[in-house]
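Below is one structure, written out as structure tokens; comments come after it.
Just so it is clear, none of the values below were taken in a lab; they were calculated from the coordinates. Note that the structure is predicted; figures quoted are calculated from it, not measured. Cβ coordinates were reconstructed from backbone atoms using ideal geometry, including for glycine residues, and neighbour counts include every protein chain displayed.
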Amino acid sequence: LFIPPLMGKIVSVQATDPVNGERVSLVVDGNGVREVTPPAAVVSMVIPDGPFGYDVIESFCHKVLFFTSEESGRSWVAQHEGTTLLTVYEAFEVGRFAPKFVYPDVFGQQDR
């Protein structure tokens, strides 16, 4: 969700809910998220307790997933310590601001 705004592109995202196998789709651009199907889709998010370390894919990316509903997402989060659920819109906002905090030398310092 954070890459399209950085690239200045409009991106169509399609994912499969890992719990029920159903499709989640949405469109992302620098202004936000739209065309979310199903409308109740949610995203799992890692609750950081420190730096992600060298293997950010394993410690972060493999834990940020789309779910068709809060019910589906909650069943996955319950089995994966250190994760929580956000709406797709909340996840976009986190993704929009996080790079500036994580990599201030690359993306510029974010006002706090």
Mind checking the full-extension length gain between residue 27 and residue 71? Use 0.36 nm per residue of separation minus the Cα-Cα distance, one decimal, nm. 13.6 nm
Full-extension gain in nm, residue 93 to residue 9, via 0.36 nm per residue minus C-alpha separation: 28.6 nm
Pairwise label distance in nanometres, residue 80 with residue 34, each label 7 Å out on the Cα-Cβ vector: 2.9
